[in-house]
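The values are calculated or read from the model by the stated rules, or taken from the named source; none is laboratory data. Predicted model, so just to flag it, every value in this text is computed and none were measured. Cβ: placed from backbone, ideal geometry, glycine included. Neighbour counts: every protein chain shown.
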Amino acid sequence: MSEQTLSLLKSCQLSVRHLNPRQYTADIPQVPNLEVWFQRPKDIVRKLQSGDLDLGIVGFDIVSEYGQGSDDLVVVHDALEFGHCRLSLAVPKEGIFENINTLEELANMPEWTQERPMRVVTGFGYLGEKFLRESGFNHVSFLAGDGALESYPAMGMADVIVDLVSSGTTLRENNLKEIDGGVVLESQATLVACRRSLHKRNGVLEITHEMLERLEAHLTATGELMVTANMRGNSAEEVAERVLSQTSLCGLQGPTISPVYCSRDGKVAVEYYAINVVVPQKSLYKSIQQLRSIGGSGVLVTKLTYIFDEETPRWRKLLSELGL
C-alpha cells in the first residue's frame with residue numbers, strides 16, 4: 001500500500017520528500033518536525049504500541065491481528081478508501097465440501113473430532129482462532145502460513161484457509177470457494193495513532209488534527225463535482241424554488257444562488273442568476289438534464305479537491321475517546 005499511501009498524501013498537499021530510495025526515512029516539508037518512516041505493516045503496528053511511532057497508515061486487518069484490541073492503539077480514520085480487502089474463510093469446491101455453503105454447515109460436519117480436528121492454515125492466527133471459537137467450532141487446529149495458502153488444501157496440508165481476499169479470482173483458480181458467514185473482517189487502509197503519544201508528546205495531537213482534516217476534506221470531495229449554470233429569473237427566491245424542485249440539485253446544504261449583473265441602457269440590471277451546486281459525479285448527467293429543464297444554460301463543471309466541514313466528526317470522536 002506504500003504507493004497508494006504516498007499518492008493520497010500528495011493529493012492532500014502532504015507530499016513525502018524521499019530523497020534516497022535506499023533510506024527508510026523521509027519528511028513532509030509542509031509539516032515541520034514530522035519524520036516519515038517506511039516500515040513493514042506489522043512493524044508499524046508494533047512500533048505504535050511501543051511508542052516508537054506516533055502515527056501510522058496501515059490496513060485494518062493488520063491493526064486487528066497484531067494490535068489484538070490493544071488500548072495503546074487509536075484508529076483516527078477508519079476509511080482511507082484504498083487497500084480494500086476482506087479476511088475470509090475458504091473451502092475446496094469438491095470432495096467433502098461440495099455441499100458445504102455456510103459457516104454453520106462447516107461447523108457441523110461430522111468429520112471434525114478431537115482426534116481429527118479441522119485443519120486451518122492462515123497468516124492471521126489471532127483473528128482466525130477468535131472468529132472460529134466465537135462461531136462455535138470445537139475441534140480446530142491451526143497451521144501458520146505465509147503466502148500461497150490456496151495450495152495447502154490441494155496438497156493435503158490443510159482442510160480450509162483463512163486469508164485475505166480482494167476479487168476472489170485466486171480462490172476460484174485454485175478450486176476454492178468462500179461460504180456464507182465466513183467473512184472474518186472487512187479491511188481497508190486506516191490512520192492509526194499511539195494513544196500515549198496523543199496524550200503526552202508535544203505537537204502530536206496538533207499534527208494528527210491537521211492530517212485528519214486534510215484527509216477528510218479530500219476524501220469527502222472525491223467523486224463530487226461543482227456545477228455552475230446561469231438562469232433567468234425574477235428573484236433569487238423564485239430561482240431557488242425552481243432549483244429545489246429537482247431531486248439532483250439540492251447540493252450539500254442547498255444551492256448557492258447569486259445575481260449576475262449586466263448593463264442595460266447605462267444602468268445596472270439583473271436578468272440572470274448564477275447557480276452553484278455540488279453533485280455526485282455519478283449523477284452529473286441527470287443533474288445537467290434537470291438544470292436545463294428549468295432554464296439553466298452555460299453549464300460549467302469543476303472537479304472538487306477538498307470539502308472542509310465546520311469540524312470533522314472523526315475529530316470529535318477522537319477527542320471523546322481520549323477524554324479531552
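List every residue pair whose Cβ atoms sit under 8 Å apart, with the two residues 6 or more apart in sequence or on different chains, where the first one lies in the stretch 76-93 and is over 13 Å from residue 161 (Cα atoms) and aromatic (Phe, Trp, Tyr) and the second, anywhere, is part of a strand (DSSP E or B) and modelled with pLDDT of 95 or more. From residues that are over 13 Å from residue 161 (Cα atoms) and aromatic (Phe, Trp, Tyr), the pairs are 82/189. Among the residues of the stretch 14-37, those identified as under 16 Å from residue 191 (Cβ atoms), part of a loop (DSSP other than H, G, I, E, B) and at pLDDT 95 or above are 14, 16, 28.
Taking the listed residues 50, 88, 70, the one that is farther than 30 Å from residue 320 by Cα and small (Gly, Ala, Ser) is 88, with no other qualifying.
Of all residues in the stretch 143-200, those being of a type in the set (Lys, Arg) and surrounded by 19 or more Cβ atoms within 10 Å (Cβ to Cβ) number 0. Count of the stretch 237-277 residues, restricted to those that are of a type outside the set (Gly, Ala, Ser) and assigned to a strand (DSSP E or B), is 16. Number of residues in the stretch 265-287 that are touching a strand residue (DSSP E or B) at 6+ places or on another chain (Cβ under 8 Å) and farther than 19 Å from residue 299 by Cβ: the value is 3. Every condition in (1) free of Cβ contacts under 8 Å to residues at least 40 places away in the same chain; (2) surrounded by 12 or more Cβ atoms within 10 Å (Cβ to Cβ); (3) of a type in the set (Val, Ile, Thr) holds for residue 31 except the one numbered (1). When you go through 10, 47, 42 one by one, which is the residue that is free of Cβ contacts under 8 Å to residues at least 40 places away in the same chain, surrounded by fewer than 19 Cβ atoms within 10 Å (Cβ to Cβ), more than 21 Å from residue 167 (Cβ to Cβ) and in contact with a Cys (Cβ under 9 Å, 6 or more places away or on another chain)? Only one candidate qualifies: 47.
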